[in-house]
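Visitor: Here it is, the structure in full.
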Amino acid sequence: MKKYSLFFLILVAFACSQEEKSASPSYGEAFFSNNEFNALWADLSKFSVAASPLELNWEFLGMDSIPGIDRELPENLNGVPVDLPHRLGNANHSFWYKTKVTLGHGFLNVHADDGAQLWVNGKRARRSPLGEFFEISQTGELELVVRVVNNAMAGGLRGLYWLNQSDFLDWKDRVAQAQDSLLSLRKNELFLGKKEEDLDSYPILFSSPVLILGTDGSYYLRWISEKPGVAILDFGKGEKVEIESKDGVFTYEMKEPSLFFTLRQEDSNLGDFIFQIPQEEESLKLAVWGDSQGGWDTFLNFSKDIANEGVDYSIGLGDLVNDGSEEWAYERFLESASNMNTIQIPVPGNHDYDGYYEDLFPKALKSKIFRENELTYGVNYVGPMALMRVDPNTFFPVSLPEGSEQFNWFQSVINSPEWKEKPWKIIALHQPPYSQGWPGYKGEQSIRDLLEPYFHQGLIDVVMAGHTHDYERLSQEFSGNKVQFFIFGGAGGGLEPKGEDSPEPQMDELIKEHHVGILNLNSTELKLSVMGKKGEILDSYSVSKSQ
């Protein structure tokens, strides 16, 4: 294809231009390139690893499906005794719990699915800016009420973990010292230059640069460094660009159709990189996957498999990480995804919002994957495809409420001439409208209600989702208009139990194996190949449409 011939010429030109540069990279690979080391590093900063579980007498006060993330504390609720962990199979519900405990000044972690809010002696407590826990400043006997906010099929209260103030400060110091030691160890292990006494002026990449297609249609490079400051993109022959970051998260807005550069920061040569935006053509090759969700080894292997496929774009259908508030999770995700050597199109999932059930503002996702002030939903027109990314996780329960900004935007886009003229009109979101493989879960009713009118109008051809941890496929007809439904929920997270399905809907195909999809599109045909962990083909499917 023309675009790959052009890319080869760019590679040759880049290699020639680099002959004048004698400096080699400072490090052999990025900091988070080794999953065994990554797990050790990440565990250091987990509050629940250091804290003590609280053994308390709990009452379950009941549940409700009242919409909205901000709630007043219900009054006159009578409870029944329960033991933790306590779990209920009621999606899109709030579960209420109460206990009494005597505490001093310290920090409390509430372990719940999907998230939790806390009241202390009738007053709302807010999540600490220091992490995924609540600071308790009141002392003595306290009444605690927990609201568990559950977006998944099942959820509930798992447990509480406690550190008094002195132990908390000691823990923070120990974490900082241990991470400094591991950082130094890892840098010395990976350093390719002459032996240095101090590598402080040689910052290392936490995650390698990744090219991302923004929800506004623009492209940007994203990488995360050990240090904030100024990074330099050196294009050769004296042409350079300086990029500044205050937190180590760097962004370069890519206006060029192709880029080749050496990345530098302080004394570090962070490597040579090449990126290209595919030429606009009538055909398109996509990798489609979801729910990588902390299954790091599986996801890394799939990332390398995707690189071998030579796709134009990679669509990640949510639950990119297992806990959106976990420190370092998105650095690890980006480094794994960088191995795909393609453009990323991220879609948020409910687990990307974990830890942010105060206001449903996923700070880590917004700062490390998206850009400042960028929406988590948008539409992209690429080749024969109109791709609408929808994010119902911004609301509780999961939905796009009528009159909301996202709902109004959705209606505007789907009725627009730009949307209607594309051969393939695709909705990408995390929660599926139909699902069978998760016992008791038929798919998201609110998503069916949102999309079904447009199925009948022929304004949606494909819906792709994750959430259910398997592969599912369904073809249905609405007023003579065919719609294809796919679930790609097996890029790393634990799989749904085999032999346990919902009786309906009856999907055309259901496979409970880890997988990614490779999708080929042109103006008249969609071809899908679903690939398993060993490269085996789990499913092949094609559908044609009339002009």
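The values are calculated or read from the model by the stated rules, or taken from the named source; none is laboratory data. No experiment lies behind these values; they were computed from the predicted model shown. Cβ sites come from the backbone with ideal geometry, for glycine too, and all protein chains shown count toward neighbours.
Visitor: Hey, does the range 515-538 have a residue that's modelled with pLDDT of 95 or more, buried (at least 17 other Cβ atoms within 10 Å of the Cβ) and either among the aromatic types (Phe, Trp, Tyr) or not assigned by TED's automatic domain parsing to the domain that holds Thr298 (or both)?
Guide: no
Visitor: Has the range 86-95 got at least one residue that is closer than 30 Å to Ser207 by Cβ and part of a loop (DSSP other than H, G, I, E, B)?
Guide: no
Visitor: Among the listed residues Leu73, Leu84, Leu61, Leu54, identify the single one that is at pLDDT 90 or above, closer than 30 Å to Ile447 by Cβ and not assigned by TED's automatic domain parsing to the domain that holds Asn341.
Guide: Values: Leu73 fails: closer than 30 Å to Ile447 by Cβ; Leu84 fails: closer than 30 Å to Ile447 by Cβ; Leu54 fails: closer than 30 Å to Ile447 by Cβ.
Matching residue, one of Leu73, Leu84, Leu61, Leu54: Leu61.
Visitor: I'm trying to understand the selection: among the residues of the range 126-142, which are surrounded by fewer than 19 Cβ atoms within 10 Å (Cβ to Cβ) and part of a strand (DSSP E or B)?
Guide: Once the filter is applied, which keeps residues that are surrounded by fewer than 19 Cβ atoms within 10 Å (Cβ to Cβ) and part of a strand (DSSP E or B), the range 126-142 yields Glu135, Gly140, Glu141, Leu142.
Visitor: Within the range 471-496, can you find the residues that are hydroxyl-bearing (Ser, Thr, Tyr) and crowded, with 24+ Cβ neighbours inside 10 Å?
Guide: Across the range 471-496, the qualifying residue is only Tyr471.
Visitor: Something else now. Pick from Ser94, Ser65: which is in contact with a Lys or Arg (Cβ under 6 Å, 6 or more places away or on another chain) and in contact (Cβ under 8 Å) with a residue 12 or more places away in the chain?
Guide: Only one candidate passes the filter, namely Ser94.
Visitor: For the range 200-295, which strands (runs of 3 or more DSSP E) that fit wholly inside it have 3 or more residues that are in contact (Cβ under 8 Å) with a residue 60 or more places away in the chain and not assigned by TED's automatic domain parsing to the domain that holds Arg371?
Guide: Working: elements: 205-213, 219-225, 229-236, 239-245, 249-254, 258-265, 268-276, 284-289.
By residue number, 205-213, 219-225, 258-265, 268-276.
Table: residues versus (1) closer than 22 Å to Asp354 by Cβ; (2) among the charged types (D, E, K, R).
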| position | (1), (2) |
| --- | --- |
| Gly104 | no, no |
| His111 | yes, no |
| Asp114 | yes, yes |
| Gln117 | yes, no |
| Ser137 | no, no |
| Leu183 | no, no |
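Visitor: Does the range 372-423 hold any residues that are under 20 Å from Ser325 (Cβ atoms) and crowded, with 18+ Cβ neighbours inside 10 Å, and which are they?
Guide: Thr376, Asp391, Pro392, Asn393, Thr394, Phe395, Phe396, Val398
Visitor: Has the range 3-11 got at least one residue that is at pLDDT below 90, in a helix (DSSP H, G or I), closer than 30 Å to Ser166 by Cβ and touching a strand residue (DSSP E or B) at 6+ places or on another chain (Cβ under 8 Å)?
Guide: no
Visitor: Filter the range 187-214 for residues that are buried (at least 22 other Cβ atoms within 10 Å of the Cβ) and more than 19 Å from the chain's Cα centre (by Cα); which is farthest from Phe273 (Cα to Cα)?
Guide: Restricting to residues being buried (at least 22 other Cβ atoms within 10 Å of the Cβ) and more than 19 Å from the chain's Cα centre (by Cα), the top hit is Pro203.
Visitor: Considering only the range 452-470, I want to know if a residue exists there that is farther than 27 Å from Glu402 by Cβ, touching a residue at least 24 places away in the same chain (Cβ under 8 Å) and either in the same structural domain as Val288 (by TED's automatic domain parsing) or surrounded by fewer than 15 Cβ atoms within 10 Å (Cβ to Cβ) (or both).
Guide: yes
Visitor: Spot the failing condition for Ile315; the list is (1) in a helix (DSSP H, G or I); (2) within 14 Å of the chain's Cα centre (by Cα); (3) aliphatic (A, V, I, L, M), and only one is missed.
Guide: All conditions are met except number (1).
Visitor: Ok, one more. Since Arg87 meets every condition but one in (1) in contact (Cβ under 8 Å) with a residue 40 or more places away in the chain; (2) farther than 11 Å from Gly156 by Cα, which condition does it not meet?
Guide: Single failed check for Arg87: (2).
Visitor: Please count how many residues of the range 143-152 are within 20 Å of Ser446 (Cβ to Cβ) and buried (at least 19 other Cβ atoms within 10 Å of the Cβ). Lay out the reasoning, then the answer.
Guide: Let us first name the residues in the range 143-152 that are within 20 Å of Ser446 (Cβ to Cβ), namely 148-152.
From what is left, the residues that are buried (at least 19 other Cβ atoms within 10 Å of the Cβ) are 148-151.
Of the residues in that region, 4 qualify.
Visitor: Let me confirm something: among Gly236, Gly294, Gly217, which residue is in contact with a Ser or Thr (Cβ under 6 Å, 6 or more places away or on another chain) and either modelled with pLDDT under 95 or surrounded by fewer than 15 Cβ atoms within 10 Å (Cβ to Cβ) (or both)?
Guide: Gly236
Visitor: Which one is nearest to Val145 (Cα to Cα) among residues in the range 111-125 that are out of contact with any Leu (no Cβ under 6 Å at 6 or more places or on another chain) and in a strand (DSSP E or B)?
Guide: Leu118
Visitor: Another one. Of all residues in the range 333-374, which are under 27 Å from Asn308 (Cβ atoms) and of a type in the set (Gly, Ala, Ser)?
Guide: Ser336, Ala337, Ser338, Gly349
Visitor: Kindly provide the set of residues from the range 504-532 that are over 28 Å from Asp323 (Cα atoms), free of Cβ contacts under 8 Å to residues at least 40 places away in the same chain and in a loop (DSSP other than H, G, I, E, B), ordered by number.
Guide: Asp508
Visitor: Please enumerate the residues belonging to the range 82-137 that are of a type in the set (S, T, N, Q) and on the phi > 0 side of the Ramachandran plot.
Guide: Asn92, Asn121
Visitor: Take the range 427-450 and flag every residue that is within 27 Å of Gly492 (Cβ to Cβ), of a type in the set (A, V, I, L, M) and either free of Cβ contacts under 8 Å to residues at least 24 places away in the same chain or assigned to a helix (DSSP H, G or I) (or both).
Guide: Scanning the range 427-450 gives a single hit, Ile447.
Visitor: If Asn339 passes every condition in (1) surrounded by fewer than 23 Cβ atoms within 10 Å (Cβ to Cβ); (2) over 23 Å from Ala39 (Cα atoms) but one, which one does it miss?
Guide: Only one criterion is unmet by Asn339, namely (2).
Visitor: Another question, if that's okay. For the range 326-336, state whether one or more residues are in contact with a strand residue (DSSP E or B) (Cβ under 6 Å, 6 or more places away or on another chain), of a type outside the set (D, E, K, R), modelled with pLDDT under 95 and not assigned by TED's automatic domain parsing to the domain that holds Glu72.
Guide: no
Visitor: All but one of (1) surrounded by 13 or more Cβ atoms within 10 Å (Cβ to Cβ); (2) closer than 30 Å to Val146 by Cβ hold for Asp173; which doesn't?
Guide: (1)
Visitor: Is it true that some residue in the range 98-112 is out of contact with any strand residue (DSSP E or B) (no Cβ under 6 Å at 6 or more places or on another chain) and modelled with pLDDT under 95?
Guide: no
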